[in-house]
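The values are calculated or read from the model by the stated rules, or taken from the named source; none is laboratory data. Here the structure is a predicted model, which means the values were calculated and not measured. Backbone-built Cβ (ideal geometry, glycine too); neighbour counts: all protein chains shown. Remember, those area values only see protein heavy atoms, side chains included, never the ligands or the DNA or RNA. Shrake-Rupley method; radii C 1.70, N 1.55, O 1.52, S 1.80 Å.
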Amino acid sequence: MNIKGFIFLILIFLSSASLSAQVVVFPHIFYPQEFSSDAVFMNDVHSWMSIRHVINQDEIPDFGHDWETGVNISIFSSPWLAVRGMSNETFHFKAAPQPEAEWIFNPQSIISDLRLMIALNIDPVLLSAGFQHDCKHDVDHSVIRQVIHDSLFLLIRPADDITLIRTDLFSFDVNTALEGGVNLPPVFQEAAPHPDIGHGSFFLRLKGYTNTDPGIAVVLDGSASITKRKEETNVEGIEPWGFDFSAEAGFALIGSAGEIIFSLGSERLTDTWVDFDEAPVQIHYITLEFSA
């Protein structure tokens, strides 16, 4: 990509931070950190888009579809240090009113996840830290909770995938990560108190794939997170220690230019950031994702 393309992507990344917003707990991303043999600036970009269709909409009417687009930009890269910026935008559609079909797109909000990340390659592990800003922009004028969510996080994981099986035709890899985060006072604008204090998370990815181009892969992703929350907020019914988890399994077509993934998943959320009276929800879904 030329310099004009990088400048355009950075402008998109920075402009998202200035909007009036509502906060959400955004799913954590098992993002890559790429290092280069020489010190370079603006040398790489990774982008993706996906659509998630919630299967059990009748049980959780606040969830119908998510249309997601994102970009992960390499700002600086060297053999031991990498600096990246990420912008992820999710267009959230709640379930359609009955008796409409469940594939109707009923817009509710736009969710932004903005991150600035610094990674150290201290082989055999990778140490990453960064700043994260999550926010939710109202679309249908039904917003109830309006808060801002800013945090600092620290993550450690193996520097490379761990190969469990490798043959001429097939390989099977695993990678895992531990992350801890603490919430900050709102950085970009004033906001009402929110219950989250901090979290600890565990991530696991298993991937079996053919050693061909194009290739076929089976991908298993899992995560679990414990969130500490304070009680002096106006949110009722929320768990002081929230245990959230997700599991996803799918098939991927892998080529030199990118991947296409189809997967089935399930996710438990102890706080949906929708109402002042919260209870855990279980979301079952199918996802189609394109990445390059």
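Per-structure values
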item	result
Which listed residue, of Ser109, Ser142, Ser87, is hydroxyl-bearing (Ser, Thr, Tyr) and modelled with pLDDT under 85	Ser142
Criterion violated by Thr176 - all others in (1) β-branched (Val, Ile, Thr); (2) farther than 17 Å from Ser225 by Cβ; (3) outside any loop (DSSP other than H, G, I, E, B) satisfied	(2)
Close pairs from region 153-182: first over 20 Å from Leu81 (Cα atoms), partner open to solvent by less than 20 Å² (accessible area, probe 1.4 Å), Cβ under 6 Å, at least 6 apart	Thr163/Asp173; Phe172/Gly208; Gly181/Ser151; Gly181/Phe153; Gly181/Gly198; Val182/Gly198
Residues (in a strand (DSSP E or B) and in contact (Cβ under 8 Å) with a residue 60 or more places away in the chain) located in region 133-152	His133, Asp134, Cys135, Lys136, His137, Asp138, His149
Tally, over region 185-198, of residues that are under 16 Å from Val235 (Cβ atoms), surrounded by 15 or more Cβ atoms within 10 Å (Cβ to Cβ) and not charged (D, E, K, R)	3
Filter pass, Leu154 being modelled with pLDDT of 90 or more and either under 26 Å from Leu184 (Cα atoms) or among the polar types (S, T, N, Q) (or both)	yes
Some residue of region 40-55 being assigned to a loop (DSSP other than H, G, I, E, B) and either modelled with pLDDT under 75 or loosely packed, with under 14 Cβ neighbours inside 10 Å (or both)	no
Flag for Pro32 being modelled with pLDDT of 90 or more, outside any strand (DSSP E or B) and closer than 29 Å to Pro158 by Cα	no
Top-ranked residue in region 95-109 [being in a strand (DSSP E or B) and surrounded by fewer than 19 Cβ atoms within 10 Å (Cβ to Cβ); ranked as farthest from the chain's Cα centre (by Cα)]	Asn106
From Ser112, Ser128, residue being farther than 26 Å from Leu81 by Cβ, open to solvent by less than 70 Å² (accessible area, probe 1.4 Å) and touching a strand residue (DSSP E or B) at 6+ places or on another chain (Cβ under 9 Å)	Ser112
Checklist (1) hydroxyl-bearing (Ser, Thr, Tyr); (2) within 14 Å of the chain's Cα centre (by Cα); (3) at pLDDT below 90 applied to Ser16, failing item	(2)
